[in-house]
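> Got a structure for you, written out below as structure tokens; questions coming shortly.
Only the coordinates and a few stated rules stand behind these numbers; no lab work does. Predicted model, so just to flag it, every value in this text is computed and none were measured. Don't worry about glycine lacking a Cβ; one is built from the backbone with ideal geometry, like all the others, and counts go over all protein chains shown.
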Amino acid sequence: MAVIGINYDGGKRHDDDGNEFETPLVYEGVYLYLSGNDKELFKSGNFIKDWFNAKLKFTEIMDKEPYLSSSSSVNHFFFDGADYDSAYLHVIDGKPVLKYIDHSDPHYLFTQRDIFENG
């Protein structure tokens, strides 16, 4: 099984008293751990490019590594404030349309459910 993850520094932190504070998020690269001790690093400085190249590498080795799992660092990267958002592909009248969640809506999980469930 292969594991994909993101190396970064910064983001949301807590001090010794439990108070939350943020430090600038610094993206460092994407890694792909393979069976054994093999590891591929993607460090172009461009997260989108590195993520794409890591996923492309996985498709090249799927015959040897048929499963891909995400490290918890993937979720933490986004929850710590990475400036990226998910787009959901919808097909409307036979044409592809990207839709995004409006996070300014405090009830988006309910009011915009169609976007992420049908995309």
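> Quick check: from the Cα gyration tensor, does region 59-112 come out rounded (a/c under 1.5), prolate or oblate?
It is oblate, given that a/c is not under 1.5 and a/b is not larger than b/c.
> Shifting gears a bit: Once the piece of chain linking H107 and H90 is laid out straight, how much longer is it, given 0.36 nm per residue of separation minus the C-alpha distance between them?
4.0 nm
> Dividing the alpha-carbon radius of gyration of the chain by 2.2 N^0.38 Å (N being the number of residues), what value is obtained?
1.28
> May I ask you to sort K95, K55 by Cβ crowding, counting other Cβ atoms within 10 Å and putting the fewest first?
Going from sparsest to densest Cβ surroundings: K95, K55.
> Can you tell me the FRET efficiency between D15 and D83 if r is taken as the Cβ-Cβ distance and R0 is 25 Å, rounded to the nearest 0.05?
0.55
> Next question. Highest GNM mean-square fluctuation, the chain, Cα pairs closer than 10 Å: which of D80, D50, D105?
For the chain, modelled as a Gaussian network with Cα springs under 10 Å, the answer is D105.
> Please work out how much length the chain gains when fully extended from D38 to W51, using 0.36 nm per residue of separation minus the C-alpha to C-alpha distance, in nm with one decimal.
Full extension from D38 to W51 adds 2.9 nm.
> Related question: Running a GNM on the chain with Cα contacts under 10 Å, which residue among N53, N75, N19 ends up with the highest mean-square fluctuation?
N19
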